[in-house]
Amino acid sequence: MFASYRDPNTLQTLEKVRDASKETQIVLVKMDVRKKNEIEGVRNIIEDTVGDKGLNLLINNAGAFKWLGFPEITEEDLLFHFSNNAVGPVMVLKGMLPLLQKSAAREVTGMRISRAAVVNISALLGSMTELNDQQIMISHNIQAMGYRISKAALNMAMRVIANTVKDQGILVVNICPGWVKTDMGSERAHLEVEESINSMLKTFSLLNESHHAALLDRNGKTVPF
């Protein structure tokens with residue numbers, strides 16, 4: 001298993017997970033999804049480790065969030081969100097595609113996590129359908145403009161990619177973890193980290209071709225976007 005980090009100064013949590021893991025070897029790799037050379041470097045590390053087996057699961061977890069609405073929104077804020085939340089995951093998937101293809105080629109039918117899959121951590125805030133009149137009444141729901149736009153772009157980008165690779169046996173799914181108490185989600189969030197992760201892991205094990213190109217909540221329910 002490979003786990004990436006962006007900032008060496010915040011590596012302690014991942015190191016604790018790695019050191020506590022008894023059955024799975026965890027390799028920590030530095031990767032900023034906005035830097036092509038770091039994506040290529042990580043791909044080389046993975047390739048050197050797994051060889052012809054390829055990579056069976058890529059979890060695109062990079063994300064950035066700032067509160068800023070309209071008309072206060074700036075070009076810098078929009079580009080910040082777009083580069084982290086939409087462009088970055090697409091470039092990571094592009095870089096890891098040859099490894100996913102190798103893994104997918106080892107089996108001949110079906111789509112599932114154990115064969116080859118990309119799970120993108122998205123958000124319900126990236127669904128235009130979810131931004132209904134009730135949600136608009138909650139004023140802070142429309143203040144995260146850059147984040148919303150970038151996650152909508154991620155959802156569309158992965159739908160395009162999903163339809164491009166559908167004949168290669170690579171499953172592509174977007175999933176919303178819920179509002180989680182992380183550095184990004186803050187203590188105001190509804191879910192503990194463990195609760196969100198446990199729900200998503202259960203959903204991961206059930207993913208198949210019926211979920212290809214979809215946006216799901218953490219429990220596996222399809223969300224229109």
Original post:
Given the residues Gly51, Gly41, which is the only one that is modelled with pLDDT of 95 or more and either open to solvent by less than 40 Å² (accessible area, probe 1.4 Å) or more than 17 Å from the chain's Cα centre (by Cα) (or both)?
Top reply: Gly41
Subject >> Filtered residues of the range 171-185 (kept if surrounded by 13 or more Cβ atoms within 10 Å (Cβ to Cβ) and farther than 26 Å from Leu100 by Cβ) >> reply: Gly178, Trp179, Val180, Lys181, Thr182, Met184, Gly185
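Filter the helices (runs of 4 or more DSSP H) completely within the range 32-117 down to those with at least 1 residues that are among the hydroxyl-bearing types (Ser, Thr, Tyr).
Numbers: elements: 36-50, 75-82, 88-104.
Of the helices (runs of 4 or more DSSP H) lying wholly inside the range 32-117, those with at least 1 residues that are among the hydroxyl-bearing types (Ser, Thr, Tyr) span 36-50, 88-104.
On the basis of being at pLDDT 95 or above and either more than 17 Å from the chain's Cα centre (by Cα) or open to solvent by 10 Å² or more (accessible area, probe 1.4 Å) (or both), does Arg188 make the cut? Walk me through how you get there before you give the answer.
Working: at pLDDT 95 or above: no; either more than 17 Å from the chain's Cα centre (by Cα) or open to solvent by 10 Å² or more (accessible area, probe 1.4 Å) (or both): yes.
Here the answer is no, as Arg188 does not meet what is asked.
Would you check if Val165 is open to solvent by less than 20 Å² (accessible area, probe 1.4 Å) and under 15 Å from the mean Cα position of the chain (by Cα)?
Values: open to solvent by less than 20 Å² (accessible area, probe 1.4 Å): yes; under 15 Å from the mean Cα position of the chain (by Cα): no.
The answer is no for Val165.
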Original post:
Thr182: hydroxyl-bearing (Ser, Thr, Tyr) and either under 30 Å from Thr10 (Cα atoms) or at pLDDT below 95 (or both), yes or no?
Top reply: yes
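Is it the case that the range 42-54 has a residue that's in contact (Cβ under 8 Å) with a residue 60 or more places away in the chain and farther than 22 Å from Lys151 by Cβ?
First pass over the range 42-54, keeping only residues in contact (Cβ under 8 Å) with a residue 60 or more places away in the chain: 54.
Add one more test, that the residue is farther than 22 Å from Lys151 by Cβ, and what stays is 54.
So far as the range 42-54 goes, yes, one or more of its residues are in contact (Cβ under 8 Å) with a residue 60 or more places away in the chain and farther than 22 Å from Lys151 by Cβ.
Can you find a residue that is of a type in the set (Asp, Glu), loosely packed, with under 13 Cβ neighbours inside 10 Å, more than 15 Å from the chain's Cα centre (by Cα) and not in a loop (DSSP other than H, G, I, E, B) anywhere in the range 200-218? Break it down into steps so the answer makes sense when it comes.
Step one: list which residues in the range 200-218 are of a type in the set (Asp, Glu), which gives 209, 217.
Narrowing the set further to residues that are loosely packed, with under 13 Cβ neighbours inside 10 Å leaves none.
No, the range 200-218 has no match at all.
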**OP:** Evaluate the range 78-98: report whether one residue or more is without any contact (Cβ under 8 Å) to a residue 40 or more places away in the chain and either touching a strand residue (DSSP E or B) at 6+ places or on another chain (Cβ under 6 Å) or over 30 Å from Ser205 (Cβ atoms) (or both).
**Re:** yes
Original post:
In the range 170-199, how many are touching a residue at least 40 places away in the same chain (Cβ under 8 Å) and out of contact with any helix residue (DSSP H, G or I) (no Cβ under 8 Å at 6 or more places or on another chain)?
Top reply: 1
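Look through the range 54-86, keep the residues that are open to solvent by less than 40 Å² (accessible area, probe 1.4 Å) and out of contact with any Lys or Arg (no Cβ under 9 Å at 6 or more places or on another chain), and return whichever of them is nearest to Pro98 (Cα to Cα).
Filtering the range 54-86 down to residues open to solvent by less than 40 Å² (accessible area, probe 1.4 Å) leaves 54-55, 58, 60, 62-64, 69, 73, 77, 81, 83-86.
This time we only want the ones that are out of contact with any Lys or Arg (no Cβ under 9 Å at 6 or more places or on another chain), so: 58, 60, 64, 69, 73.
Numbers: Leu58: 12, Asn60: 16, Ala64: 27, Gly69: 39, Ile73: 38 Å.
Among them, the one singled out is Leu58.
Any residue in the range 66-82 that is aromatic (Phe, Trp, Tyr) and at pLDDT below 95? Spell out how you get there, then give the answer.
Residues of the range 66-82 aromatic (Phe, Trp, Tyr): 67, 70, 80, 82.
Within this subset, residues satisfying the condition of being at pLDDT below 95 are 67, 70.
The answer is yes; a qualifying residue exists.
The values are calculated or read from the model by the stated rules, or taken from the named source; none is laboratory data. Here the structure is a predicted model, which means the values were calculated and not measured. Ideal geometry is used to build each Cβ from the backbone, glycine not excepted, and the neighbour counts take in all protein chains shown. Heads up: the accessible areas ignore ligands, DNA and RNA and are worked out on the full protein's heavy atoms, side chains in. Shrake-Rupley method; radii C 1.70, N 1.55, O 1.52, S 1.80 Å.
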